[in-house]
Amino acid sequence: MTTTDSGLSDAELREAQATWREVASRLISYRHLGTFSTALGRHEALGEMKIRHDLRGPVGLLAAPLGVALLDTAGINVDAIAIVSPTRIDMHIFEPAADVTEIRLQGKIVREAKTQFFTEARITDAADPGRVIAVGGTHWSVGAPNPGFNYVDQRANMPTTADLPLLYEAFGARLRGDGNLEIPDLPPELGRYSLHQGPLQVVPEAAAMMAAREIAGTDQFWIEHQGTSIIARGTGAPLVTHAEVLRIAEGCINVRVELRAEGNDDRVIATTICRFRLV
């Protein structure tokens with residue numbers, strides 16, 4: 001029996017790679033958005049994503065799909081090094097980008113350390129590389145080596161029909177009678193062992209937009225910033241959003257959202273801060 005550089009036998013390595021492909025192929029995050037990335041080296045990558053109508057709000061781009069693309073582009077670098085988990089995701093959006101139909105991401109690992117990675121990406125209009133639409137960054141906790149990693153191209157599985165569901169519905173959530181959003185259960189499509197980063201970004205953003213729309217009496221706003229801190233493993237369904245409008249001033253609405261695990265003593269899973277710009 002031969003062993004690979006990872007210390008696994010050839011058969012064990014094939015099994016690990018097959019498991020990774022199966023898990024990655026089932027995840028709704030990348031499959032539904034059709035993200036795609038190419039590694040340029042250990043620390044650099046390029047990403048791309050087409051912008052469908054369901055990836056926009058009434059005025060501008062949604063932040064969460066950009067955040068998912070951000071992590072896809074980072075993932076092709078960091079996942080190849082180790083098993084990692086994002087702990088902080090920040091998106092800064094500079095304009096509504098109403099005419100943009102495809103984006104490009106220039107991603108890099110800013111710092112590779114023993115227990116943490118720090119990544120960021122510049123997001124531009126694919127039709128105009130000089131037009132910077134947004135920047136984003138992610139902090140990662142680092143675990144064991146990841147010999148099973150192999151990137152899965154999900155572009156062919158991206159839905160393209162006109163009758164797409166609301167994005168939060170596609171990512172496993174539904175609106176409750178009390179006005180909160182909940183993820184009632186955790187099938188493999190939402191994460192292998194706990195909630196994947198895609199729903200962790202999409203569902204709180206939708207809850208924040210609902211809260212902003214209710215207090216402002218209008219949906220004519222776009223998101224300038226979304227920052228998500230992932231505090232605990234996303235288990236203990238149902239997972240429920242709780243949104244609080246913090247401040248309305250100077251043309252901005254600021255909303256904080258907690259995602260709580262009602263099935264696990266109402267533990268806080270993640271917190272998200274969104275800033276919306278009224279038009």
So GLY234, is it over 19 Å from the mean Cα position of the chain (by Cα) and more than 19 Å from VAL59 (Cβ to Cβ): no
Residues located in region 250-266, provided they are of a type outside the set (S, T, N, Q), modelled with pLDDT of 95 or more and over 21 Å from the mean Cα position of the chain (by Cα): GLY251, CYS252, ILE253, GLU262, GLY263, ASP265, ASP266
Long-range neighbours under 6 Å by Cβ, at least six apart or interchain, first residue closer than 15 Å to LYS108 by Cα within region 127-140, second in a strand (DSSP E or B) and among the aromatic types (Phe, Trp, Tyr): HIS139/PHE118; TRP140/PHE117
Some residue of region 192-207 being assigned to a strand (DSSP E or B) and hydroxyl-bearing (Ser, Thr, Tyr): no
Elements of type helices (runs of 4 or more DSSP H) contained in region 1-84, each with 1 or more residues being in contact (Cβ under 8 Å) with a residue 60 or more places away in the chain, touching a strand residue (DSSP E or B) at 6+ places or on another chain (Cβ under 8 Å) and of a type outside the set (D, E, K, R): 28-33, 63-81
Output for region 150-171, where each listed residue is loosely packed, with under 15 Cβ neighbours inside 10 Å, touching a strand residue (DSSP E or B) at 6+ places or on another chain (Cβ under 9 Å) and not in a loop (DSSP other than H, G, I, E, B): ARG155
Sole residue being in contact with a Leu (Cβ under 8 Å, 6 or more places away or on another chain), more than 23 Å from LEU61 (Cβ to Cβ), free of Cβ contacts under 8 Å to residues at least 60 places away in the same chain and buried (at least 24 other Cβ atoms within 10 Å of the Cβ), chosen from LEU186, LEU239: LEU239
Scan of region 80-105 for residues that are surrounded by fewer than 19 Cβ atoms within 10 Å (Cβ to Cβ) and either of a type in the set (D, E, K, R) or closer than 13 Å to GLY137 by Cβ (or both), ordered by number: THR87, ARG88, HIS92, GLU95, ASP99, GLU102
Residue under evaluation SER194, criteria (1) buried (at least 17 other Cβ atoms within 10 Å of the Cβ); (2) without any contact (Cβ under 8 Å) to a residue 40 or more places away in the chain; (3) over 19 Å from ALA63 (Cβ atoms), criterion not met: (2)
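The values are calculated or read from the model by the stated rules, or taken from the named source; none is laboratory data. Remember, predicted model here, so these are calculated numbers, not experimental data. Note that each Cβ is placed from the backbone with ideal geometry, even for glycine, and that neighbours are counted across all protein chains shown.
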